[in-house]
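Below: the structure, in structure tokens.
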Amino acid sequence: MRIDAETSLYDIIDLMRRPQGASVQEICTTLGCQRTTFYRYQDKLNAFGIPYYNKDDLDGNTSSKRWFINEEDYKRTIPVKLDHVERMMLRTILGRARVFDGTRLKSRMDGLRAKINSTLLHDRTKRIATTMYSFKGSISYEGKEEIIDALCACIESNVRATVTYQSAKAKEPKQYDIDPYTLVDHGNALYLIVGITKHDGDIRILAVDRIKKLDKTEMIFTIPESFDPEQYLNPSFGIFVEEPIQVRVRFNQEVAVYARERTWGQDQTVVDLEDGAIELSFTAAGFEEIVRWVLSFGKGARVLESETLVERVKEELKGAIQCY
């Protein structure tokens, strides 16, 4: 029987983390391996710095031992070995996590980045960052540390929360229960996909910066088996999920190269025109986000479809002209 080394190591750790720990026989039975194999895994546990210990098996054979994990020390370890590509990927992800800048959590993120950097940069004198992102226009989450901490705890444990939320269109904040499913980092801001309990679990998206207060409850919720955050957000142009619309825009020669090199929506097609312009078509949800996207191209973009989108862009342009 072939045993996957990394999976088996995690299985051993899970068994030893139980309140009753695990005997060598229990570990071998679970993994389907010989006792000598377990003793070889002890070398891996030591190599990863996993804090384990043994005690006499008082309920079984008194000459045998039960093995345990020291939980307090274990929480300060990460039993995973990364190759150079995986370390680079992790550094890239951490480099995007600037939503905690300006908060008390920034020092924690800086420390985590430093640990990853020390495993990647063999030349400790190197000063040039290998990955970097611009985060201009990001939202500050200073003062939201306790909310974010409670939110992460609710997501990890599937615990319902009571939230006080200030909608962008409401004059006063409202309080209601939510089932927090997934935290989303989009456009240098944090959003939360939730189930609204009073609407039979209707899925909504909340902006974390608009959460005024969040309290954990004692209620455990179950995420619907059909829920997939990637599929849920897939039709969206940005972060807001609405009924998808058909979009067709003509981009002049000056901006055509930029417009065509990215994927903006589903079923995207590009038609080249004789003057170097293009017609780009796709379907996407998030009407107001699409309006702002079109306007960002200025005179370089002209909406051809849908008619509702054409009229909305016209309305916005007329209002802008009146400001001048």
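Just so you know, all these numbers are worked out from the coordinates, no wet-lab data involved. A quick note: this is a predicted structure, and the numbers were derived from the prediction, not measured. Glycine also receives a Cβ, built like all others from the backbone with ideal geometry; neighbour counts cover every protein chain displayed.
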| note | In this structure, the FRET efficiency calculated for Phe227 and Glu311 from their beta-carbon separation, with R0 = 41 Å, to the nearest 0.05, is 0.70
| message | 7 Å from Cα along Cα→Cβ at both Val271 and Asp185: what's the point-to-point distance in nm? | response | 4.0
| said: How large is log10 of I(q)/I(0) for the range 245-322 at q = 0.27 Å⁻¹ when the intensity is taken from the Debye formula with one equal scatterer per alpha-carbon? | reply: -1.42
| query | Out of the DSSP beta bridges found with both residues in the range 174-297, what percent are antiparallel (nearest 5)? | reply | 95
